[in-house]
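S.K.: Sending over a structure as structure tokens; questions will come in a sec.
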Amino acid sequence: MDVFSDADNLDVYVTGFLWILKLTLVGTLGAVVIGTLLAAFRVSPIPVLRGFGAAWVNIFRNTPLTLIVFFCYFGLYSTLGVVFSDDLELNNFWLGVVGLAVYTAAFVCEAIRSGINTVPPGQAEAARAIGMTFRQTLTMIVLPQAGRAVIAPLGSILIALCKNATIIGTIGLMESSNAMKELINSNGQAVFQIFFVFAGTFAVVLIPTGYGFGWLANKMAVKR
Amino acid sequence: MSDEALIVLENVNKWFGPLHVLDDVNMSVARGEVVVVIGPSGSGKSTLCRAINRLEPISSGTITFDGKPLPEEGKSLARLRSEVGMVFQSFNLFAHKTILQNVMLGPVKVRKEKPVEVRERAMALLDRVGIGNQAEKFPAQLSGGQQQRVAIARALAMQPKAMLFDEPTSALDPEMVGEVLDVMTSLAREGMTMVVVTHEMGFARHAANRVVFMADGQLVEEAPPTEFFANPKSDRAKDFLSKILTH
């Protein structure tokens, strides 16, 4: 009767969420690294870099993630032959990570850029006045303060990324939404139970995550 | 004279759009000299001060520091700035760093000096400006006067050849002005080359070698303080002094 007391079903559920966890962790890492770099580009004195950053944000922020993930699969993998792993499922995972990271990086970039605007211009001026280069000023003075100012919005972006990770199911990874579909297909009598367990798992993990970021944002806030 | 001069400005012009903020300024500051720049607000004195380490690029003319013209941009400009200490009106201490880190950052990151040695020097400087016991606090936990004294220590930690002060006491509560001026006066006595933009006429009188009076972007008059305050030559300086000294 109980769908999740069946060992095979439980395995489908656990495997599905393990994929989501991995997609979230690796995707977040990629998105934050690329996003920070893009933000640095967008405030740099070099026009080509500024243009590159702006183009990235405009392209990826305004394209549906589903299309980007499809492109990773059909464009990068099928057509261009980009292969990350011989294991098909692992390859799909990495294609998904690429899609999630390049997409989310656009949002991370804009969050950090707005954070940079909260840092008073005098901070960068003082850094330049003691002889720091543009790069030192950015990495030691401006970005650390900007980063602390945007912990809360970055938390929202990370939570969105975690939920968006279910889209990787469309290119054949057995993550949670595919797992849910499979369980519903074979256990039609328990649709509500299955749905609430899957949705509940997201909620149980993400609600405390949101509060955690709120707490961290307060703790790390730069006092002026 | 020109052999001795550390800072030389020749025919310096600066426009902010249509506004002519520096109008053909010529000035030189000798080693060890303390020059106080005064004048009504909007006269260009802050811009002049900021032009000396190129925080404000000039439109035309030349500025020479220690015998070399100011570099355009990049590493050589950064190196020049590391030799010129600057103190701002709004302190601008790094808000996410402790007091000690603020003072150590320049020598360690810009000069690549050993943190152990810098720490000793930084603590000595903080003791000197009377903040040694607050070294582990963050800027926001200090009063304005204390923050400005830390800012002076931060600039001194780079062992600069000259110090620029851009209205260092204008953002302070009156009771804190004295503690900052005391530090500046002792620096002046020790022979530091200083360019000080200020409204503190008392400081100009007792610490300056020379007073420079600016109005409308022009360097109108310069003289030793006793001479300038007792006997200003230009009408604009007379007018300015009558407005501030009658109260």
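S.K.: Extension gain B:ASN133-B:ASN209, at 0.36 nm per residue separation less the Cα-Cα distance, in nm?
M.R.: Extra length available between B:ASN133 and B:ASN209 comes to 24.0 nm.
S.K.: Ranking request for peptides A:60-66, B:67-73: highest mean number of other beta-carbon atoms within 10 Å first, then the rest in descending order.
M.R.: Details: A:60-66: 14.3, B:67-73: 12.1.
Ranked by mean Cβ neighbours within 10 Å, highest first: A:60-66, B:67-73.
S.K.: Quantify how strongly other chains surround peptide B:83-95 by giving the mean number of their Cβ atoms within 10 Å of each of its Cβ atoms.
M.R.: On the way: counts 1, 3, 2, 5, 2, 4, 1, 5, 2, 9, 3, 9, 11.
Whole-number average of other-chain Cβ neighbours for B:83-95 is 4.
S.K.: Can you give me the C-alpha center-to-center distance between the range A:81-104 and the range B:57-122, rounded to a whole angstrom?
M.R.: Distance between centres, Cα-based: 46 Å.
S.K.: In addition: Using only Cα atoms, tell me the angle between helix A:7-43 and the longest principal axis of chain A; keep it within 0 to 90° and round to the nearest 10.
M.R.: 20
S.K.: Going by the alpha-carbon gyration tensor, a ≥ b ≥ c the square roots of its eigenvalues, is the range B:167-246 rounded (a/c under 1.5) or, if a/c is not under 1.5, prolate (a/b greater than b/c) versus oblate?
M.R.: prolate
S.K.: Next up: Tell me the Kirkwood radius of chain B: reciprocal of the mean inverse pair distance over distinct alpha-carbon atoms, in Å.
M.R.: For chain B, inverting the mean 1/r across all distinct Cα pairs yields 18.6 Å.
S.K.: Which FRET efficiency, nearest 0.05, do A:GLN189 and B:ARG119 yield, Cβ-Cβ r, R0 60 Å?
M.R.: Values: r = 71 Å, r/R0 = 1.18.
After rounding to 0.05, the efficiency reads 0.25.
S.K.: Shifting gears a bit: Listing B:SER28, B:SER186 from the residue with the fewest other Cβ atoms within 10 Å to the one with the most, what is the order?
M.R.: In order of increasing Cβ crowding within 10 Å: B:SER186, B:SER28.
S.K.: May I pose another question? Determine one quarter of the surface area of the Cα convex hull of chain A, which equals its mean projected area, and express it in nm² to one decimal. Could you put the intermediate results ahead of the total?
M.R.: Values: hull surface 59.1 nm².
Taking a quarter of the hull surface, the average projection is 14.8 nm².
S.K.: Count charges around B:ASN209 for me, please; just the other residues with Cβ under 12 Å from its Cβ, Lys/Arg as +1, Asp/Glu as -1.
M.R.: +1
S.K.: May I ask for the angle, rounded to the nearest 10°, between helix B:115-128 and the longest principal axis of chain B, with both axes built from Cα atoms and the value confined to 0 to 90°?
M.R.: Between helix and principal axis, roughly 60 degrees.
S.K.: If you wrap a convex hull around the alpha carbons of the range B:82-124, what volume per residue comes out, as a whole number of Å³?
M.R.: Spelled out: Cα convex hull of the range B:82-124, divided by residues, is 80 Å³.
S.K.: Just to be sure I understand: of the beta bridges DSSP finds with both ends in chain B, what percent are antiparallel, rounded to 5? All intermediate terms of the calculation are to be shown ahead of the outcome.
M.R.: Working: 20 of 37 bridges.
Around 55 percent antiparallel, to the nearest 5.
S.K.: Let me ask something else about it. Dipole magnitude of the protein assembly as shown about its Cα centre, charges +1 at Lys/Arg Cβ and -1 at Asp/Glu Cβ only, in debye to the nearest 20?
M.R.: Details: 41 positive and 41 negative charges, 88 e Å.
Its charge dipole is roughly 420 debye.
S.K.: Further, regarding this structure: I'd like the orientation of helix A:47-61 relative to chain A: the angle between its Cα long axis and the longest Cα principal axis, in ° from 0 to 90, rounded to 10.
M.R.: Approximately 30 degrees, to the nearest ten.
S.K.: Additional query: Can you tell me how the protein assembly as shown classifies by the Cα gyration tensor, rounded, prolate or oblate, using a/c under 1.5 as the rounded cut?
M.R.: Prolate, because a/c is 1.5 or more and a/b exceeds b/c.
S.K.: Starting from the 7 Å offset along Cα-to-Cβ, what nm value, one decimal, do you get for the label separation of B:ASN11 and A:LEU90?
M.R.: About 7.1 nm separates the two model spin labels.
S.K.: Additional query: Using the Cα centre of the range A:3-220 as the reference point, and only Cβ charges (+1 on K/R, -1 on D/E), how large is the resulting charge dipole? Debye, rounded to the nearest 20.
M.R.: Rounded to the nearest 20 debye, it is 1140 debye.
S.K.: Gaussian network model of chain A, Cα springs within a sub-10 Å range: biggest mean-square fluctuation belongs to which of A:ALA31, A:ALA54, A:ALA203?
M.R.: Looking only at A:ALA31, A:ALA54, A:ALA203, the largest GNM fluctuation is found for A:ALA203.
S.K.: Evaluate peptide B:104-110: per residue, the Cβ atoms of other protein chains within 10 Å of its Cβ; return the mean as an integer. Could you put the intermediate results ahead of the total?
M.R.: Values: counts 0, 7, 6, 2, 0, 8, 6.
Across B:104-110, the average partner-chain Cβ count within 10 Å equals 4.
S.K.: Can you tell me how the range B:1-114 classifies by the Cα gyration tensor, rounded, prolate or oblate, using a/c under 1.5 as the rounded cut?
M.R.: Prolate is the answer for the range B:1-114, as a/c is 1.5 or above and a/b outweighs b/c.
S.K.: Of A:LYS219/B:LYS109; B:LYS97/B:LYS137; B:LYS45/B:LYS75; A:LYS22/A:LYS181, which pairs sit farther than 18 Å apart, going by alpha carbon to alpha carbon?
M.R.: The pairs that break the limit, which is 18 Å between Cα atoms, are A:LYS219/B:LYS109; B:LYS45/B:LYS75; A:LYS22/A:LYS181.
S.K.: Continuing with the same structure: Going by Cα centres, the range A:3-17 and the range B:34-48 are how many Å apart?
M.R.: Comparing the Cα centres of the range A:3-17 and the range B:34-48, I get a distance of 75 Å.
Values quoted throughout were computed directly from the atomic coordinates according to the rules given, and no laboratory measurement underlies them. Not measured: the values here are computed from a predicted model. Because the Cβ atoms are built from the backbone with ideal geometry, glycine has one as well, and the counts that use them run over all protein chains shown.
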